[in-house]
Amino acid sequence: KQWYQRRVAITAGIYNAEKRGKRQVLIRPSSKVIVKFLTVMMKHGYIDEFEVVDDHRAGKIVVMLNGRLNKCGVISPRFDVCISDIEKWTTNLLPSRQFGKLVLTTSSGIMDHEEARRKHTGGKILGFFY
């Protein structure tokens, strides 16, 4: 439950900073999953860049925003998503087919739903952004 609250706080922090027109946001604590989630967002141009700050504790991440993000969120629990169900999840969570990404954790790593479909692999759903 505590991990879920942290994940929600992270996506809510990014979303709120974006809505208020901030250029950057500080996320703490840091984790490998959060870094991979942000990497997928950066790859698709929804955030500019981010920097992991090692404070010898739990760590911090400074995220540079670019104003492209409309919404991001986490899905808890991490539901199993097989390849045939990806379409159903995108329909339920994203505003349109050409817009936004689902983030899945698979046996091949953390990736968006389109890459998972290309690699023909399912996994567990982490969250979404658009």
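The values are calculated or read from the model by the stated rules, or taken from the named source; none is laboratory data. Remember, it's a predicted structure, so these values are computed and weren't measured experimentally. When we count neighbours, we look across all protein chains shown, and the Cβ atoms used for this are built from the backbone with ideal geometry, even at glycine. All accessible areas refer to the heavy atoms of the entire protein, side chains included, with ligands and DNA or RNA removed. Shrake-Rupley method; radii C 1.70, N 1.55, O 1.52, S 1.80 Å.
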Quiz item: Taking the stated definitions as given, is F128 in contact with a Leu (Cβ under 8 Å, 6 or more places away or on another chain), open to solvent by less than 30 Å² (accessible area, probe 1.4 Å) and modelled with pLDDT of 95 or more?
Solution: yes
Exercise. State the number of residues belonging to the stretch 89-130 that are farther than 13 Å from H44 by Cβ and free of Cβ contacts under 8 Å to residues at least 40 places away in the same chain.
Key: 18
Self-check item: Looking only at the stretch 117-130, and only at residues there that are among the small types (G, A, S) and part of a strand (DSSP E or B), the one that is nearest to R68 (Cα to Cα)
Solution: G127
Quiz item: What single numbered condition from (1) touching a Lys or Arg at 6+ places or on another chain (Cβ under 8 Å); (2) on the phi > 0 side of the Ramachandran plot fails to hold for H56?
Solution: (1)
